Amino acid sequence: MNINTIGPKELAVLLHRTPNTIRADAHRRPETLPPRLNIPGSNRLVWLEEDVFEWIQSLRGAGHEKSNA
C-alpha cells in the first residue's frame, strides 16, 4: 500500500495559492481546503494526496451543472 502525503507547499502549488495562505486557511477557514489528515500529537499540516485530488475533482462539477430551465 502506497500512501502519499503532501504539505502546505505542495498544496499551494496545486491550488495556486501561497504556502502562507494555505497555513492561515487551515486554521481560520478550513472549509476552503481539502480535508486534512489529523495526526494525534502533531501540529503538522498534512493532507493525503488521494483526498486532495478527490476534493479537486468534486469542485469541477460544482457550479458548472447545466440547468434544464
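Which condition number does P30 fail, the rest of (1) touching a residue at least 24 places away in the same chain (Cβ under 8 Å); (2) open to solvent by less than 100 Å² (accessible area, probe 1.4 Å) being met?
(1)
Restricting to segment 1-13, and then to whatever is in a loop (DSSP other than H, G, I, E, B) and open to solvent by 30 Å² or more (accessible area, probe 1.4 Å), can you tell me which residue is nearest to R44 (Cα to Cα)?
N4
Suppose we filter segment 14-46 for residues that are in a loop (DSSP other than H, G, I, E, B) and in contact with a Ser or Thr (Cβ under 6 Å, 6 or more places away or on another chain); how many remain? Show your work before the answer.
First, pick out the residues of segment 14-46 that are in a loop (DSSP other than H, G, I, E, B): 16-18, 29, 33-46.
Then drop every residue that is not in contact with a Ser or Thr (Cβ under 6 Å, 6 or more places away or on another chain), which leaves 46.
Within segment 14-46, residues that are in a loop (DSSP other than H, G, I, E, B) and in contact with a Ser or Thr (Cβ under 6 Å, 6 or more places away or on another chain) number 1.
Can you pull out every residue in segment 41-62 that is acidic (D, E) and open to solvent by less than 80 Å² (accessible area, probe 1.4 Å)? Walk me through it before giving the result.
We begin by selecting, within segment 41-62, every residue acidic (D, E); these are 49-51, 54.
Selection gives E49, D51.
The values are calculated or read from the model by the stated rules, or taken from the named source; none is laboratory data. Since the structure is predicted, the reported quantities are computational estimates derived from the model, not experimental observations. Every residue, glycine as well, gets a Cβ built from its backbone with ideal geometry; the counts of neighbours run over all protein chains shown. SASA here: full protein model, heavy atoms, side chains in, ligands and nucleic acids out. Shrake-Rupley method; radii C 1.70, N 1.55, O 1.52, S 1.80 Å.
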